[in-house]
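Written below as C-alpha cells is the structure these notes are about.
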Amino acid sequence: MEAFLRAYTEPVISIRQKDIGINLRSTPATYLDLSDEIRKLFAKANKVSNTLFSFNSKGACPACGGKGVIVSDMSFMDAIETECELCHGTRYAQEVLEYKYKGKNIAEVMDMTVTEAIGFFAGEEFLIRLQSLEDVGLGYLHLNQAMTTLSGGELQRVKLASELHKKGAVYILDEPTNGLHLDDVRKLLILFNRMVDEGNTLIVIEHSLDVLRQADYVLELGPEGGMSGGRLLYEGTPRGMLTCGVSVTKEYLKDA
Ligand SMILES: [Zn+2]
C-alpha cells in the first residue's frame, strides 16, 4: 500500500482498516453528517429549535447528561457503568421524546438501522448518504451505533461510503472484503464495478478470489507472505494467470 501511495503523483483516496478519523462519539449518523439533517426534520415538524434533538445539547437527559449511563466511581475499583434509569439509555430528556416525526421520536429514529432509515426517509435529499452505507454492505448498522464497536473492515467500508460518488478518482483499498459474508462481497463487487464504470480507478489489495476474478488487471506478489514474498510473480488479466507457470494463486483461481 505504501509503495502504491509513493508511486502515485496524483491524489489517491487511500482507505485503510484503521485511522479513518473517528472519535469516541462518532456514529454512522455523525460521520455522514446525517444527525443535523434529521434534527432539522424534527425541528420543522414540531416547530421547535433543532438543538433540542441533540443529546450533546439541550436535549440531554438531566440525570445522565446525555451519556445514557451513570458512571459510579468506586474508590480502588474500576468505575461501574449502569443504564440511566431516567432515560433508559436513550440519552434524551423525557420532554424531547414527546416530539414525533412521522410517528417516531428522535431516539427511535436514531436507533433505526440504515436499511430501515432508507425506507423512513424516502424522498429526502440526504438519502444518497444512507444509500452509500447500504451499497458497501453496512445496511445493518444502527444510526446511533458507536463507531468504536465496528471491526476494522466495517470502519473501512464506512470510510469508503463517505468517499463514494466521485468520478475519475484513484482509490486504494486494503482488503475491503475482510470479514464479509459472501452475499456482502457480491454487493461490494457490484459497487466496485459501478465505480470503475464511472471512470474511477480502484487498486485493491486482496486475498479474496471473488474479487481477483473480477479485476481487469492483477499483480500477484509472492511466492509467500512477509520475508518470503514481495516478488512479482504475475501481471496481467485473471484469465492469463491460469496459464502462468510461476503463479501460486492460479490453482485456487481455477477452482473458483
Ligand atoms: Zn439519562
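Bear in mind that the values in this text are calculations on the coordinates, not laboratory data. Not measured: the values here are computed from a predicted model. Please note: Cβ atoms are built from the backbone with ideal geometry, for glycine as well, and neighbour counts cover all protein chains shown.
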*List the aspartates and glutamates whose alpha-carbon lies under 16 Å from that of Lys47, not counting same-chain residues fewer than 8 positions away?*
Asp36, Glu37, Glu95, Glu98
*Quick one: if the Förster radius is 41 Å, what FRET efficiency do Thr51 and Glu10 give, using the C-beta to C-beta distance and rounding to 0.05?*
0.50
*Fewest first, what order do Glu81, Glu154 take by the number of other Cβ atoms within 10 Å?*
Glu81, Glu154
*Rounded to the nearest whole Å³, what is the per residue volume of the convex hull around the Cα atoms of region 130-256?*
115 Å³
*Give me the number: length gained by fully extending Glu163 to Arg194, i.e. 0.36 nm times residue separation minus the C-alpha to C-alpha distance, one decimal in nm.*
9.8 nm
*Taking the Cβ of each residue in Glu85, Glu206 as the centre, tally the other Cβ atoms inside 10 Å and list the residues starting with the fewest.*
Glu85, Glu206
*Which order do Phe120, Phe55, Phe76 fall in if you start with the one that has the fewest other Cβ atoms within 10 Å?*
Phe76, Phe120, Phe55
*For Ser26, enumerate residues with amide H under 5 Å from its amide H, sequence gap 5+ or separate chain, H modeled in the peptide plane.*
Met147
_Over 26 Å between Cα atoms: which of Lys58/Lys100; Lys166/Lys254; Lys167/Lys254 fall into that group?_
Lys166/Lys254; Lys167/Lys254
*Where a ≥ b ≥ c are the square roots of the eigenvalues of the C-alpha gyration tensor, would you call region 27-145 rounded, which needs a/c under 1.5, or, failing that, prolate if a/b is larger than b/c, or oblate?*
oblate
*Which whole-Hz ³J(HN,Hα) couplings does region 54-60 yield from phi under the Karplus relation 6.51 cos²θ - 1.76 cosθ + 1.60, θ = phi - 60°, glycine and proline marked x?*
10, 7, 8, 9, 5, x, 5
*When the chain is fully extended, how far beyond the present Cα-Cα distance does Met227 get from Leu242, taking 0.36 nm per residue of separation?*
2.9 nm
*So between Gln214 and Asp255, what do we pick up on full extension, going 0.36 nm a residue minus the alpha carbon distance?*
13.3 nm
*At 222 nm, what helix-only mean residue ellipticity would the chain give, in deg cm²/dmol to the nearest 500, using -39500 (n - 2.57) for each DSSP H run of four or more?*
-9000 deg cm²/dmol
